[in-house]
């Protein structure tokens, strides 16, 4: 199993829009991909904005490439999400799940 992490700092006024985007666009899309297991959306308020950590679990890096493309390290951040963010990771981190 592979865990994929991405972090973004949303504009305070757009944090709710980002959660709605995840629920209506991203998560339904991920659920159609063979090898997608589940996702967690973590949130915390900071001085500059609202930080999100999106953690997804996959059966393999091959499954992740069905979502992310051949270079699985590149973050998938649609233009409408980019507008919601103050800053965001351009790349993601992958971890092999041991236990």
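Give me the Å³ per residue figure for the convex hull around the C-alpha atoms of the chain. Provide the component values of the computation, followed by the final result.
Details: hull volume 9.1 nm³, N = 99.
It comes to 92 Å³ per residue, whole-number rounded.
Here the calculated FRET efficiency for residue 21 and residue 97, from their Cβ-Cβ distance with R0 = 22 Å, stands at 0.25, rounded to the nearest 0.05.
Placing dummy labels 7 Å off each Cα toward the beta-carbon, the span from residue 3 to residue 33 is 1.8 nm. Here the range 72-92 and the range 1-38 have alpha carbon centers that stand 11 Å from each other. Sorted ascending by nearby beta carbons within 10 Å, beginning with the fewest, 25, 83 become 83, 25. Applying 1/(1 + (r/R0)^6) with r as the Cβ-Cβ distance of residue 11 and residue 76 and R0 = 22 angstrom yields a FRET efficiency of 0.65. Taking every DSSP helix (H) stretch of at least 4 residues in the chain, weighting each as -39,500 (n - 2.57) and dividing the sum by the residue count yields a mean residue ellipticity at 222 nm of -5500 deg cm²/dmol.
Read-outs: derived from the displayed coordinates by stated rules, not from any lab. Since the structure is predicted, the reported quantities are computational estimates derived from the model, not experimental observations. Every residue, glycine among them, receives a Cβ derived from its backbone with ideal geometry; neighbour counts consider all protein chains shown.
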